[in-house]
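The values are calculated or read from the model by the stated rules, or taken from the named source; none is laboratory data. Everything quoted here is computed from the prediction, not taken from an experiment. Neighbour counts are summed over all protein chains in view; Cβ atoms, including those assigned to glycine, are modelled from backbone coordinates with ideal geometry. Ligands, DNA and RNA are excluded from the accessible area calculation, which covers all protein heavy atoms including side chains. Shrake-Rupley method; radii C 1.70, N 1.55, O 1.52, S 1.80 Å.
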Amino acid sequence: MRILIAEDAPSDRMLLRFHLEKLGHQVIEVSDGEQLVSFFFSHAEEVDLLVVDLNMPHKSGVQAVNEIRAFQGSYDANWVPIIILSGSESDDDVLRCIEAGADDYLVKPIQHKVLAAKLMAMTRLDEMRQKLMAMNARLEALSTTDYLTNLPNRRAFEKNLQDEMAKAGRYGQSLCVAVFDIDHFKQVNDTYGHEGGDVVLKELSRRLVSEKRAGDQFGRIGGEEFGLCLPHTDLENALIACERYRQLLSKKPFLYDEYSIDLTVSVGLCRFTTETDQLELIKGADQALYQAKHAGRDCVVVLKKDAA
């Protein structure tokens, strides 16, 4: 492990380093609480464990641990186990340190075998946490990814859109949203079965992702409906981009077994304003899509109020 130690007494710091290196760990040293907090805030990803003296100048171990745990909570930084070192065997000191956010308490003078045992316990805790984080990441991916196309699902698309709307409103940036719908997709399912329809949806998604502009964000928001968020893009350039995507999807047939399936898409497009909430924005793109369907399909239509 990479262990950051904070100890103001040079002799104690040297002895602690000796024990830790003998156990095969990499050691980084600081000599007071302020240095500890500063180093951790800048290098949190480089540290696996903190060993912190309770009584240090400028900032005590308890104060430093409090700040580190607050930092981790505010910035979603990686949790790192913390052991407090102290010459005190007071129950009150032990309780105070654990309440501050420390995970264990070690009484000086350091006993090599006791230190080794506590590090083994901290390693187990960290391993369990890493497994839990990996599991949570997989669950998060499952909950935000469309299982068929691997695009963001509606929930994730709307979250991305909300974030982009906030940025566009804050910084006065352009933002447009489009909804794509495969024309006569029911006929595909009726003719080739749902397996054929799934092949089409997967290939359509692959084409969009492989040819998308930097920054554009697609998502599957319905059966054969796909959302597109176009950050930093005014209406004129959004129209050009959507027209390119439309042509990309229709110029080449989709293959399923020995069948060649020709498809077109209709696209509704609208632009974000600071008076528009997310629901209105998506509804506006849906209304433009409805206009595209009634205009004969296989086209991109800008919401009338935006086109005016």
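From the list ALA307, ALA288, ALA238, the lone residue that is surrounded by 14 or more Cβ atoms within 10 Å (Cβ to Cβ) and modelled with pLDDT under 95 is ALA307. Checking the stated criteria, GLN287 turns out to be closer than 27 Å to ALA166 by Cα and not hydrophobic (A, V, I, L, M, F, W, C).
Of all the residues in segment 143-156, those that are within 13 Å of the chain's Cα centre (by Cα) and assigned to a helix (DSSP H, G or I) number 3.
Inside segment 225-270, can you point out the residues that are among the polar types (S, T, N, Q) and not in a helix (DSSP H, G or I)? Steps first, please.
To start, the set of residues in segment 225-270 that are among the polar types (S, T, N, Q) comprises 233, 237, 247, 250, 260, 264, 266.
Residues satisfying the conditions are THR233, SER260, THR264, SER266.
Consider ASP92 carefully, then state whether it is free of Cβ contacts under 8 Å to residues at least 24 places away in the same chain and either of a type outside the set (Asp, Glu) or over 16 Å from ILE5 (Cα atoms) (or both). Considered against the rule, which asks whether it is free of Cβ contacts under 8 Å to residues at least 24 places away in the same chain and either of a type outside the set (Asp, Glu) or over 16 Å from ILE5 (Cα atoms) (or both), ASP92 comes out as yes. So, GLN247, is that one of a type in the set (S, T, N, Q), on the phi < 0 side of the Ramachandran plot, touching a strand residue (DSSP E or B) at 6+ places or on another chain (Cβ under 9 Å) and in the same structural domain as VAL199 (by the TED database) or not? No; evaluated as a whole, the condition is false for this residue. Evaluating VAL27 against the criteria (1) assigned to a helix (DSSP H, G or I); (2) surrounded by 14 or more Cβ atoms within 10 Å (Cβ to Cβ) leaves one unmet condition, (1).
How about segment 250-269: which of its residues are more than 32 Å from the chain's Cα centre (by Cα) and either open to solvent by less than 30 Å² (accessible area, probe 1.4 Å) or not assigned by the TED database to the domain that holds PHE185 (or both)? First the steps, then the outcome.
First pass over segment 250-269, keeping only residues more than 32 Å from the chain's Cα centre (by Cα): 250-264.
Of everything in segment 250-269, those that are more than 32 Å from the chain's Cα centre (by Cα) and either open to solvent by less than 30 Å² (accessible area, probe 1.4 Å) or not assigned by the TED database to the domain that holds PHE185 (or both) turn out to be PHE254, TYR256, ILE261, LEU263.
Scanning segment 127-134 finds no residues that are touching a strand residue (DSSP E or B) at 6+ places or on another chain (Cβ under 7 Å) and aliphatic (A, V, I, L, M). For segment 6-19, check the following and say yes or no: at least one residue is in the same structural domain as LEU106 (by the TED database), within 26 Å of the chain's Cα centre (by Cα), assigned to a helix (DSSP H, G or I) and of a type outside the set (Val, Ile, Thr). No.
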